[in-house]
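Asks: Let me give you the structure first, and then I'll get to my questions.
The values are calculated or read from the model by the stated rules, or taken from the named source; none is laboratory data. Nothing here was measured: the structure is a model prediction, and the numbers come from that model. No Cβ is skipped: glycine too gets one built from the backbone with ideal geometry, and neighbour counts run over all protein chains shown. These area figures cover heavy atoms from the full protein model, side chains too; ligands, DNA and RNA do not enter into them. Shrake-Rupley method; radii C 1.70, N 1.55, O 1.52, S 1.80 Å.
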Amino acid sequence: MTATTPLAPAPVQTALSARRRWTVLAVCCLSMFLVGLDTTIVNVGLPAIGRGLGTGTRGLEWIVDAYTLVLAGLLVTSGALADRFGRRRVFQTGLVVFGAASLVCAVAPSAGVLVAARAVQGVGASMLSPVALAIVVNAMPDPKERAQAIGVWASVFGLSMAAGPVTGGALLAGLDWRALFWINAPVIAAALLLSAVFVPESRGQRAPGQPARRLDLPGQVLLTVLLAAVVGVLIEGPRIGWTSPLALAGYACAAVATAAFVWVESRRSEPLMDLRLFRRPVFGGAVAGAVAVFVALNMTLLLNTLYLQHTRGWTPLAAGLATLPLAAGATVCAPWSGRMVGRTGPGLPLLLAGAFITAGGLCLVRLTPHTPVLLLLAAYALIGVGFGFANAPITNTAVNGLPPARAGVAGAITSTARQIGAALGIAVAGGLVTGAGPTQLAQASRPGWILVCACGVLLFLVARLSRPKPPADA
């Protein structure tokens, strides 16, 4: 419902012209570009940040994962807040929080301050990802047009994730690592202005007399504890020992938090996550696929950065430019995938995604310090193509798994799965190469490329689950 006609029965998107609908999409894509860019732009600058702030691989992992952990933990709550209090309002609040935290990152005097500021950035970003998708879904009433819009949205998000290392490398070529955060300021200002002018206010529709949806604070706390315990053990495991008392305490914490989360969520009338949705193979498969795709992408980006800069001695700019084939593949194939989903459903693009990601990982399972550059670039291109094909069908399936009034939560569940995958990918990749010298890093990273292949294979199963079932009387 629009802010100006709260009693109108039709949703807000019916009043929007085609030009206005696609303008709304463009504004949302701008914010999503910012969120995706900030997820990966720091990767290429990690060696420079480490030198500037005097921190090692473990500290650098926390600089990346402090952002993704908080982002993943708060996405569902932010989506629910947007459905309740207004999507544009929450969206603009997120932009302000994200921008303020970026300024603190840019002037951080120590690694601890930078990690804390990155966590606050995650708070702001959590108000952008699901809300932007909910705004797009509500602006596009036609299913085919919506699928195409999600394809464009996924293309921009994929481009931002893949373009982060290139942008970061270019900034580091002429400036220092603090420029990685200063760059957010003009984008934030533009997004705030454009959203105020073009984006209509909307909320999740409720039946007359039905109370507003309550927040699930116990579920939120348990989800945050669960994610922090899992990622914390993965990052700290190589240092403290996988069987040390601290590690065992982390495993126990994760297990207890998981059990408590399932117990609490199954007994709430309006849970943070409706666990019943995961009984549906299509929805559960889409969420698992989102995790797998982002494990593969973030593992690729981090291992690429460390390998090219530490083992091959490349500059940050050269290491960033090496990911251009990945960015190109994601950018070209994501809108194509969206059109395919609109015409034939998610099965074919998911099969293509699985095939390309698996092929890209296979190219690097025998990585050495002298692997030909053309093979590296081909592998990155294959993974980028797979990433581009994967996002639209996964997002479309998950969004269609909930009613339109819960679009914020639908987008949030998918985005949560993505960020969990990103956090896990960073943690696992960092754990594999922690302590490895420049000459040993290539061999130490080989299990990571095997895991990338496994993520691609998983998408074949997701594609099978996404096939529509025939009617019962067929």
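Asks: Once you compute Rg and the Kirkwood Rh from C-alpha atoms, what is the Rg to Rh ratio for the chain?
Replies: Working: Rg = 21.2 Å, Rh = 22.2 Å.
Taking Rg over the Kirkwood Rh, I get 0.95.
Asks: While we're looking at this one, here's another question. Note down the relative contact order for the chain as a percent, whole number, built from C-alpha pairs under 8 angstrom at least six residues apart. Mind dumping the intermediate values first?
Replies: Numbers: 908 pairs, mean separation 114.8, N = 474.
Value for the chain: 24 percent.
Asks: Sticking with this structure for a sec: Which of rounded, prolate or oblate describes the range 64-175 when judged by the alpha-carbon gyration tensor and an a/c cut-off of 1.5?
Replies: Numbers: a/c = 2.65, a/b = 1.45, b/c = 1.82.
Note, shape of the range 64-175 comes out oblate.
Asks: Apply the Kirkwood formula to the range 176-304: the hydrodynamic radius equals the inverse of the mean of 1/r over all pairs of different alpha-carbon atoms; give it in Å with one decimal.
Replies: Details: mean 1/r = 0.0523 Å⁻¹.
For the range 176-304, the Kirkwood estimate is 19.1 Å.
Asks: Determine the share of the range 55-187's accessible area contributed by carbon and sulfur atoms, expressed in whole percent, with a 1.4 angstrom probe.
Replies: Details: 2610 of 3780 Å².
That fraction is 69 percent.
Asks: Once phi is turned into θ = phi - 60°, what whole-Hz ³J(HN,Hα) does the Karplus curve with 6.51, -1.76 and 1.60 give for every residue of the range 225-233, x standing for Gly and Pro?
Replies: Those phi angles translate into 4, 4, 5, 4, 5, 5, 5, x, 5 Hz.
Asks: Just to be sure I understand the model, the point goes 7 Å from the Cα along the line to the Cβ. What's the resulting Leu374 to Arg464 distance in nm?
Replies: For Leu374 paired with Arg464, the spin-label model returns 3.7 nm.
Asks: Which residues make up the longest stretch of the chain that has no trypsin sites (Lys or Arg not before Pro) in a DSSP loop with at most 11 other Cβ atoms within 10 Å? Spell out each step's value before the answer.
Replies: Working: sites that count: Arg214, Arg267.
Result for the longest clean stretch: 1-213.
Asks: Which residues' amide hydrogens lie under 5 Å from the amide hydrogen of Ser244, considering only partners 5 or more residues apart or on another chain, with H built in the peptide plane?
Replies: Answer set, sorted by chain and number: none.
Asks: Continuing with this model, one more query. Grab the DSSP H runs of the chain that are 4 residues or longer, score each as -39,500 (n - 2.57), total them, divide by all residues and round the 222 nm result to the nearest 500 deg cm²/dmol. Each step should come with its number before you reach the end.
Replies: Numbers: 18 runs with 356 residues, N = 474.
The helix-only estimate for the chain comes to -26000 deg cm²/dmol at 222 nm.
Asks: Could you work out how far helix 407-433 tilts from the main Cα principal axis of the chain, as a 0 to 90 degree angle to the nearest 10?
Replies: In the chain, helix 407-433 runs at an angle near 10 degrees to the longest axis.
Asks: Considering the Cα trace of the range 296-446, what is its radius of gyration and what is Dmax, both in angstroms?
Replies: 16.9, 54
Asks: First select every other residue whose beta carbon is under 14 angstrom from the beta carbon of Met127; then total the charges, Lys and Arg +1, Asp and Glu -1. Spell out each step's value before the answer.
Replies: Numbers: positive: Arg84, Arg87, Arg88, Arg89; negative: Asp38, Asp83.
Residues near Met127 contribute +2 overall.
Asks: While we're here: Multiply the residue separation of Thr258 and Val332 by 0.36 nm, subtract the distance between their alpha-carbon atoms, and state the gained length in nm to one decimal. Provide the component values of the computation, followed by the final result.
Replies: Details: separation 74, 0.36 × 74 = 26.64 nm, distance 3.87 nm.
Extra length from Thr258 to Val332 when fully extended: 22.8 nm.
Asks: Still on this structure, I have one more. Could you give me the ³J(HN,Hα) list for the range 436-448, computed from phi with Karplus coefficients 6.51, -1.76, 1.60 and θ = phi - 60°, whole Hz, x at Gly and Pro?
Replies: Running phi through 6.51 cos²θ - 1.76 cosθ + 1.60 with θ = phi - 60° gives 7, x, x, 7, 9, 5, 4, 5, 5, 7, 4, x, x Hz.
Asks: Mind pulling the angle between the C-alpha long axis of helix 373-399 and the longest principal axis of the chain? Nearest 10 degrees, somewhere in 0 to 90.
Replies: That helix lies at roughly 20 degrees to the long axis.
Asks: I've got another one for you. Between beta-carbons, use under 12 Å as the cut-off and find the net charge around Ala149, counting Lys and Arg +1, Asp and Glu -1.
Replies: Working: positive: Arg21, Lys144, Arg146, Arg339; negative: Asp142, Glu145.
Local net charge: +2.
Asks: Roll a 1.4 Å probe over the protein chains and send me the accessible area per residue for the range 311-380 in Å². Don't skip to the end; give the middle numbers.
Replies: Values: 2940 Å² over 70 residues.
Accessible surface, normalised per residue, equals 42 Å².
Asks: Oh, and also: Set Lys and Arg Cβ to +1 and Asp and Glu Cβ to -1, take the dipole of the range 25-174 about its Cα centre, and tell me which of Val97, Leu171, Val115 lies farthest positive.
Replies: Working it through, the farthest residue towards the positive pole turns out to be Val97.
Asks: Separate question: What spacing in nm lies between the two simple spin-label points modelled at Ser244 and Ala190, each 7 Å away from Cα in the Cβ direction?
Replies: My value for the distance between the label points is 4.5 nm.
Asks: By how many nm would the segment from Phe198 to Val365 grow when fully extended, if each residue of separation counts as 0.36 nm and the alpha-carbon distance is taken off? Mind showing how you got there, number by number?
Replies: On the way: separation 167, 0.36 × 167 = 60.12 nm, distance 4.78 nm.
Contour length minus Cα-Cα distance gives 55.3 nm.
Asks: So what is the accessible area of the range 239-294 per residue, in Å², with the probe set to 1.4 Å? Please list the in-between numbers first.
Replies: Details: 3050 Å² over 56 residues.
Here the residues of the range 239-294 average 55 Å² of exposed surface.
Asks: Here's something else I'd like to know. Enumerate the calculated ³J(HN,Hα) couplings along the range 75-88 in order (Karplus 6.51 cos²θ - 1.76 cosθ + 1.60, θ = phi - 60°), each rounded to whole Hz, writing x wherever the residue is Gly or Pro.
Replies: 3J(HN,Hα) across the range 75-88, in whole Hz: 4, 5, 4, 5, x, 5, 4, 5, 4, 8, 9, x, 5, 5.
Asks: Suppose every Lys and Arg Cβ carries +1 and every Asp and Glu Cβ carries -1, with no other charges. What dipole size does the chain come out with about its Cα centre, to the nearest 20 debye? All intermediate terms of the calculation are to be shown ahead of the outcome.
Replies: Numbers: 33 positive and 14 negative charges, 162 e Å.
My answer is approximately 780 debye.
Asks: A further question follows. Rounded if a/c is under 1.5, else prolate if a/b is larger than b/c, else oblate: which is the range 232-307, with a ≥ b ≥ c the root eigenvalues of its Cα gyration tensor?
Replies: Numbers: a/c = 3.56, a/b = 1.27, b/c = 2.79.
Oblate, since a/c reaches 1.5 and b/c is not below a/b.
Asks: Roughly speaking, to the nearest percent, how much of the range 244-303's 1.4 Å accessible area is carbon and sulfur? Write out the running numbers ahead of the final one.
Replies: Values: 1880 of 2640 Å².
The nonpolar share, carbon plus sulfur, comes to 71 percent.
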